[in-house]
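Student: Okay, handing you the structure first.
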Amino acid sequence: MLKKERISESELLTRLLEGERQAFDEIFTRYYTSPCAFANLYVKQTEVAENIVQDLMLWLWENRSELQIRGPVALSLHLGQEPLSDLSEP
C-alpha cells in the first residue's frame with residue numbers, strides 16, 4: 001500500500017512497471033487534470049478531452065511492462081503530449 005506522504009515520480013514509475021495498481025491510481029490522480037486541459041486546447045470539448053486522457057491512462061496501465069520512460073519529468077511530458085499525437089493523423 002502506498003503511504004500518505006508524496007511518493008517521488010521515479011518511485012511511482014518503478015511501482016507502475018512492477019504492476020502495482022495503487023501506483024497507477026496515484027499517477028492517475030496526479031496527472032489526470034493537466035493532460036485534460038492540454039487536450040482540451042486542441043479538441044475544444046471537455047468530454048472529448050477527458051476521453052482522450054482516460055484512453056491514454058488505460059493504455060499506460062495495459063502497456064506498463066513495455067514503457068521506457070526516462071527522466072524526472074518524463075511522465076508528465078509523456079502524459080501531456082502523447083494523447084494528441086494521433087489527432088493530427090487523418
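Laboratory data are not the source of any read-out in this text; all were calculated from the coordinates shown. All figures in this text were calculated on a predicted structure; none of them were measured in a lab. Virtual Cβ from ideal backbone geometry, glycine too; neighbours counted across all protein chains shown.
Student: Sort segment 30-69 into rounded, prolate or oblate with this rule: let a ≥ b ≥ c be the square roots of the eigenvalues of the Cα gyration tensor; rounded if a/c is under 1.5, and if a/c is not under 1.5, prolate when a/b is larger than b/c, oblate otherwise.
Tutor: Verdict is prolate for segment 30-69.
Student: Another question, then. Mind checking segment 1-48 for GluC sites (Glu not before Pro) that DSSP puts in a loop (not H, G, I, E or B) and that have at most 14 other Cβ atoms within 10 Å?
Tutor: Taking segment 1-48 and a limit of 14 other Cβ atoms within 10 Å, the loop GluC sites (Glu not before Pro) found are E5, E18.
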